[in-house]
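> Take a look at the following structure, please.
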Amino acid sequence: MARADPADIAARERSAAGLAPQPKARQQAPPHPSHGGSTGYPVSQREQALARSQQGQCLPTAISRSSIDPNRVNGVHPKGAAGISESQVLFGASQFAMAMVLHVYPEATGDEVAAFIHANTGEVLSRTQVSKRMRELKLSSKQASPEACQAFSPGNRLRDQWFYSMPPPLGVVTLRRKQLIDVGECAVTLEKVNRSTGHDYTGGQKITLLMAIEPGDPALPANVEGSVANPRRWFATHLEPGTNQWRFADFCNTVCTSCENSGLAVDADRVFLWDNLAAHGAPVVYQTVVGRALPQRFRILPRPPYMPKYGPIEYAFCEVIARLKLLSRPDWNVQQLEQAIHQTCAAIGRNGGFENTFAHCGYQVVS
């Protein structure tokens, strides 16, 4: 095996450290021109190959006609190669100042960064120089996740305040905890349920889990389905990515039909909670839930946007994933994972588990 050139080793080390390429770094043993990366064939060899080509003679096997043609136009002498030059601005103290201001104030504009650098280092920079150096350092213009920004927008903060202080349709005041059914979906893959140590999984098809949970009715005996000790849960899985309005409406219909056929007094008036996914607000979903025949009554109360802490179903999903991590095996396939999901969903939340989760999220009993 050929020995690695010191220049190549140095270049890889600089790249791994995030440094700019070193200008005018020459290899001790230039590679053959057919492999690229060299200054090309020697002038004498170019002249000989060009002469043979003009006389109609065969070219050496190592030289192609496409490499000879440019010599007819541009001559046999090599042109000056475009050099790689290091950036001459925003290094050392100035680069540190830029990194500091972007860490403290990610929304800073190029002018604001330049002003901060000048105030702390004395170096005068333009907006263009700052932007160019940021691109060289691969600093993204994305400041934060949209969830974090949207959660604290004025409108969403107002909806957050209303949720626990206003009656429906703005909040949960006057609603009894046992009336609530929280609905949500999550994606599960073999990678997600793999433990943090041990074997790793490759590839992985997503399994979409739709699930609805209730806290249970404290008036029911512990051995009755729908009680606090034995609360109901509804779940379905499919292998298609995401959840569309039709699939979600079908799942809601399954939950509503189950309540209509249960004969329990608590099912006379149920309120569905869910997040603000586009499929949840579709007219077909609204009609499926609210437009049902009496005597049962079903209502919809969306949770505040970007506030998963108000969703008991989010905690249920965390428990499902945690249990799957304990059960998972390196030789599992998608079908075995799906079977384990069903078994896990059927096991969680008993003996007051869902009731405690609803209470943790702030939903009061309200007699």
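The values are calculated or read from the model by the stated rules, or taken from the named source; none is laboratory data. Everything numeric here is computed off the predicted structure, so don't read it as measured data. Heads up, the Cβs are rebuilt from the backbone with ideal geometry, glycines too, and the neighbour counts pull from every protein chain shown. Calculation scope for accessible area: heavy atoms of the full protein, side chains included, ligands and nucleic acids excluded. Shrake-Rupley method; radii C 1.70, N 1.55, O 1.52, S 1.80 Å.
> Which residues, counting only those in region 156-181, are part of a helix (DSSP H, G or I) and of a type outside the set (Asp, Glu)?
Of everything in region 156-181, those that are part of a helix (DSSP H, G or I) and of a type outside the set (Asp, Glu) turn out to be 156, 157, 158, 159, 161, 162, 163, 177, 178, 179.
Yes/no matrix, rows are residues, columns are (1) at pLDDT below 95; (2) open to solvent by less than 70 Å² (accessible area, probe 1.4 Å); (3) not small (Gly, Ala, Ser):
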| residue | (1), (2), (3) |
| --- | --- |
| 194 | yes, yes, yes |
| 198 | yes, no, no |
| 204 | yes, yes, no |
| 208 | yes, yes, yes |
| 214 | no, yes, yes |
| 233 | no, yes, yes |
| 236 | no, yes, no |
| 249 | no, yes, no |
| 253 | no, yes, yes |
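> Between 111, 69, which is modelled with pLDDT of 85 or more, open to solvent by 50 Å² or more (accessible area, probe 1.4 Å) and assigned to a helix (DSSP H, G or I)?
Selected residue: 111, the only one of 111, 69 that is modelled with pLDDT of 85 or more, open to solvent by 50 Å² or more (accessible area, probe 1.4 Å) and assigned to a helix (DSSP H, G or I).
> Additional query: Filter region 331-367 down to residues that are open to solvent by 80 Å² or more (accessible area, probe 1.4 Å) and part of a loop (DSSP other than H, G, I, E, B) and give me whichever is farthest from residue 212 (Cα to Cα).
331
> Oh, and also: Go through region 127-144 and count every residue that is open to solvent by 90 Å² or more (accessible area, probe 1.4 Å) and either more than 17 Å from residue 92 (Cα to Cα) or at pLDDT below 85 (or both).
So the answer is 6.
> Let me ask something additional. Return the total of residues in region 320-330 being part of a helix (DSSP H, G or I) and open to solvent by 70 Å² or more (accessible area, probe 1.4 Å).
4
> Let me ask something else about it. Any residue in region 107-128 that's hydroxyl-bearing (Ser, Thr, Tyr): show its pairings with residues that are surrounded by 14 or more Cβ atoms within 10 Å (Cβ to Cβ) and assigned to a helix (DSSP H, G or I) at Cβ separation under 6 Å, as long as the two are six or more apart or on different chains.
Close Cβ pairs satisfying both conditions: 121/94; 121/97.
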